[in-house]
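Undergrad: If you scroll down you'll find the structure; I have some questions about it.
The values are calculated or read from the model by the stated rules, or taken from the named source; none is laboratory data. Computed from a prediction, not measured in an experiment: that's the story for all the values here. No Cβ is skipped: glycine too gets one built from the backbone with ideal geometry, and neighbour counts run over all protein chains shown.
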Amino acid sequence: MSVLLCLTYTPMPLHAQVAQSKHNLSVSGSGTIRATTEQEICKFCHIPHKASPSVPLWDHTMSSVSYSRYTSSTFTSTYKTQYPSSSSKLCLSCHDGTIAIGSISTGQITISGGASLDPDQSLAAGTTSNIGGATSTNLTDDHPISIGTPHFSAAQYNCSGCHYPRPNNIVQVECVRCHDPHSESKDGATKKFLSQSNQSSALCRTCHKKTYWATNPSIHQSSTKTTPTGWSHNGYATVATNGCESCHKPHTAGSATRLLKAVEQNTCDGCHKGTTNAGVTEKNVSSESGGPFAKTYRHPTYTMDTKHNPVNASPITSSPTEISTDVSGSNRHAECPDCHNPHGAKSGLHAVKSNSLSNALSGVWGLEPTAVASWTQPNGFTRIDPATKEYQVCMKCHSYYGLGSAPTGVTTIIGPSGTNITDQAMEYNINNYSAHPVKVGANSQTGSYAPKALASAQMTSVWNTVGTQTMYCSDCHGNDQATSTTVAQGPHGSNYKYMLTGTAKYWPTNASGTLWSLNDMRSNLNSWSTNLFCVNCHPLHSGGQWKNNVHERDDHQGSNIYCITCHVVVPHGTKRSRLIGYATDPSPYNYNGGATYAKLAVSGFRKASGPFDYSENNCTFNSVCHGNQSNTFDP
């Protein structure tokens, strides 16, 4: 004879679970709000007879107020006709703060510690939870309820132990989708009656499946860094275990749109303010003292809020939905998520001699301008989602897409440095006669005459892979401080005009405000070797030797003849070879100073076959210098 012993796990009865939670409002409850004499635990919500509604034998008085609802450009679900509906209406009978906690069908139970839930905007541990806020009707800063959702089917809907059924088995989101009113501690860290553990946002991710989050994976998904002081609201200690709630707050969010803890940049500040906030990273990427956005020349990240529209930036959209007016005119903005996808961003900067997207920009979308003729403004774009090149991210704002029509390349928009912003898609057009290799290497610059690339001797050792190397926009524009464990890179802000970065940071004038000239190099003036911006890549003159015979000519080295007499001030690209500008060019390509040579003076130019093959026949200066030559010049 054998005996089969079956051991079956029996979960704690509901009565016992409630008894050990803050929902035990009887005299035996451990919370600050509880009855003075009532001993029954379930009585505050349920009654066995004459219940209303009959399911789930409800007894508490219902609220009759109308609520303002969550909405945003990314909200695509539909609210139910009855709002709030289902179990949410029952929950709000206590949690909007308008109905006395002890108000039931048979009378009023006397409560100590507060007759109703006082407004509590923090929802911190140990406090009561009035999600209606000070007005008792504000649900705009709370996760939407009573909605149907197209994102998961009935088979995927998980009620997680809640005993209130879904009406007609319809898939919808109610309070009980996330909360189990009978069990306070399924998530032991938060103890907010969650229907399951939300460690690393396991509960959030049952519905929200963000592209890149787990498959990339994002640094925000995997970081084991400690959450900054005062930033965690759910009891978890690290960025990874906080998950979504490192940036979002499902109730009483500081910034209602998309339930962020604060407006975009201030949400990022929680971790990226550096050591001033015991941040996750020591690098200060903020407007606080020492941060790049506290510097003189910066993107308007801290001065333009709530313009970013992630429904247009989402890589899961099957077709472009954003229109250029979203980033142009009064909507021009540069929020953190315009350049960084917080669900896809990884750790790591870009490689030199490349324009491939860096880890820090991973997952963000960009634009590829359509091909057009030389020195023509592109007005067509292909959405690259996600972007593969850094310049594609910049083109969202620095092109026709964000700037509007500018046939000469010059807009009426004045930038932080006090000059007119120009169209960079037009300047980096590969059909132009010259351009810095931001889009393609010099040998692939379709519109350029041979020889396309400079000689390797004309470049510094870092940039001597001439012809094939490419570069970032942020190789020239970025933080004026060298990268370190505490200094962030990238074009956030700089104390130098045009947000110039590198060892040398002055262009087109020196530190004293005087235009650079070849005489500075010949006579070793104005600390040109460490201050002239161009020498970060182009040595120009070293060891007493010039790198081409145009610069070595004595008559080009006069103290009143300047670099901008021949070259454009905005050196992204031009319709002539070697970034030469003509006297007819508009500002800011033309410096247009008052002195004879403090402006473009060239009227014709032709590239020579080598750096030491230039003669007077290669250019003309409208009789100012060489006179008119009988030659064929670039347009």
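Undergrad: Select, from Val263, Val280, the only residue that is over 21 Å from Leu194 (Cα atoms), within 18 Å of the chain's Cα centre (by Cα), surrounded by fewer than 21 Cβ atoms within 10 Å (Cβ to Cβ) and of a type in the set (Val, Ile, Thr).
TA: Being over 21 Å from Leu194 (Cα atoms), within 18 Å of the chain's Cα centre (by Cα), surrounded by fewer than 21 Cβ atoms within 10 Å (Cβ to Cβ) and of a type in the set (Val, Ile, Thr) holds for just one of Val263, Val280, which is Val263.
Undergrad: Just one of (1) surrounded by 14 or more Cβ atoms within 10 Å (Cβ to Cβ); (2) under 19 Å from Ala100 (Cβ atoms); (3) touching an Asp or Glu at 6+ places or on another chain (Cβ under 7 Å) trips up Ser21, so point out which.
TA: Status for Ser21: all satisfied but (2).
Undergrad: Would a scan of the range 514-533 turn up a residue that is modelled with pLDDT of 95 or more, crowded, with 22+ Cβ neighbours inside 10 Å, of a type in the set (D, E, K, R) and assigned to a helix (DSSP H, G or I)?
TA: Within the range 514-533, one or more residues are modelled with pLDDT of 95 or more, crowded, with 22+ Cβ neighbours inside 10 Å, of a type in the set (D, E, K, R) and assigned to a helix (DSSP H, G or I).
Undergrad: Would you confirm whether any residue within the range 199-218 is outside any loop (DSSP other than H, G, I, E, B), without any contact (Cβ under 8 Å) to a residue 24 or more places away in the chain and not charged (D, E, K, R)?
TA: no
Undergrad: For residues in the range 219-239 being surrounded by 22 or more Cβ atoms within 10 Å (Cβ to Cβ) and modelled with pLDDT under 90, which is farthest from Val173 (Cα to Cα)?
TA: Result: Thr227.
Undergrad: So which residues in the range 143-192 are at pLDDT below 75, of a type in the set (A, V, I, L, M, F, W, C), closer than 23 Å to Gln20 by Cβ and surrounded by fewer than 21 Cβ atoms within 10 Å (Cβ to Cβ)?
TA: Correct list: Cys159 only.
Undergrad: Among what's in the range 497-513 and is crowded, with 21+ Cβ neighbours inside 10 Å and farther than 18 Å from Cys563 by Cα, pick the residue that is modelled with the lowest pLDDT.
TA: The selected residue is Thr501.
Undergrad: Is it true that Ser63 is touching a Leu at 6+ places or on another chain (Cβ under 8 Å), surrounded by 14 or more Cβ atoms within 10 Å (Cβ to Cβ), at negative phi and part of a loop (DSSP other than H, G, I, E, B)?
TA: Criteria met by Ser63.
Undergrad: Return the pair list, or none, for Cβ contacts closer than 7 Å from residues in the range 99-128 that are in a loop (DSSP other than H, G, I, E, B) to residues that are of a type in the set (S, T, N, Q) and at pLDDT below 70, at least 6 apart or on different chains.
TA: Sorted first by the residue in the range 99-128, then by its partner, the pairs are Leu117/Thr128; Asp118/Thr128; Asp120/Thr127; Asp120/Thr128.
Undergrad: So, Asn242, is that one among the polar types (S, T, N, Q), out of contact with any His (no Cβ under 7 Å at 6 or more places or on another chain), surrounded by 21 or more Cβ atoms within 10 Å (Cβ to Cβ) and assigned to a loop (DSSP other than H, G, I, E, B) or not?
TA: So Asn242 does not fit the description; no.
Undergrad: Kindly provide the set of residues from the range 192-209 that are at positive phi and more than 25 Å from the chain's Cα centre (by Cα), ordered by number.
TA: Correct list: Phe193 only.
Undergrad: Filter the range 356-370 down to the residues that are surrounded by fewer than 23 Cβ atoms within 10 Å (Cβ to Cβ) and in a loop (DSSP other than H, G, I, E, B) and list them by number.
TA: Listed by number, the residues that qualify are Leu357, Ser358, Ser362, Trp365, Thr370.
Undergrad: May I ask you to say which residue of Thr252, Thr238, Thr257 is out of contact with any helix residue (DSSP H, G or I) (no Cβ under 8 Å at 6 or more places or on another chain) and either farther than 23 Å from Thr140 by Cβ or outside the structural domain of Asp142 (by TED's automatic domain parsing) (or both)?
TA: Matching residue, one of Thr252, Thr238, Thr257: Thr238.
Undergrad: Which ones in the range 441-476 are surrounded by 19 or more Cβ atoms within 10 Å (Cβ to Cβ) and outside any loop (DSSP other than H, G, I, E, B)?
TA: Ala442, Trp463, Cys473, Ser474, Asp475
Undergrad: Do you know which residues across the range 256-274 are under 17 Å from Gly230 (Cβ atoms) and either among the acidic types (Asp, Glu) or outside any helix (DSSP H, G or I) (or both)?
TA: Scanning the range 256-274 gives Leu260, Lys261, Ala262, Asp269, Lys273.
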